[in-house]
Amino acid sequence: MIETADAEILKLIKDPATRDKGFLQLMDTYKKPIYWHIRRLVVLHEDAEDILQETFIQVYRYANSFKGESKIFTWIYRIATNECRKHFRKNKKREKNIGPMNKETSDELSGTDAFESETILFKFQEAILQLPEKQQIVFNLRYYDELSYEEIGQILNSSVNSLKTNFHYASKKIKQYLLNQA
């Protein structure tokens, strides 16, 4: 069903008379999942919004060159992931909002049962942010977006075995981080 919708959207985008209409449909379809993919990688809403905008600018700019060798969402995820990587290179330190304010918030929350699940979620996200870039991306695509290794391979241009290894190491590191925080 979505592949049919994608084919229709692509047809609209490739026709100069309906390009804008097709692009708006494409954005309506993929804006939310792409935003959350980006947001999990860069954490800050403002950065995610900027990267999302740049992603769709790139999609619009290169839509006519899309050959259809992969699914549209795979192509867009690849562009979004590459835009995140550009952001990481630009901000070498990779902004991690695990500073004193968040640590204080975590300490405050850890004493109350009502906020226990939020604390666990916070520590889980903190653990993900400690991973090397590729492991972080692979983990997010597999765990949150529930993509197959084949789809992730198309996005990252990596072999399935390499991705499975990255996911395995990421999972082990997250588990170890959480055990050390307990």
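Just so you know, all these numbers are worked out from the coordinates, no wet-lab data involved. Since this is a predicted model, take the numbers as computed values, not measurements. Cβ coordinates were reconstructed from backbone atoms using ideal geometry, including for glycine residues, and neighbour counts include every protein chain displayed.
Could the peptides 73-84, 171-182 be put in order, highest first, of the mean number of other beta-carbon atoms found within 10 Å of their residues? Numbers along the way, then the final one.
Values: 73-84: 21.4, 171-182: 12.7.
For the peptides 73-84, 171-182, the packing ranking is 73-84, 171-182.
At 7 Å along Cα-to-Cβ for each site, give me the label-to-label distance between Lys31 and Phe124 in nm.
2.8
Shape call for the stretch 19-74 from the C-alpha gyration tensor, a ≥ b ≥ c root eigenvalues: rounded (a/c under 1.5), prolate (a/b greater than b/c) or oblate? Intermediate values should be presented prior to the final figure.
On the way: a/c = 2.05, a/b = 1.76, b/c = 1.16.
In terms of gyration-tensor shape, prolate.
In what sequence, highest mean first, do 14-20, 161-167 appear when ranked by Cβ atoms within 10 angstrom? Please list the in-between numbers first.
Working: 14-20: 11.4, 161-167: 17.0.
For the peptides 14-20, 161-167, the packing ranking is 161-167, 14-20.
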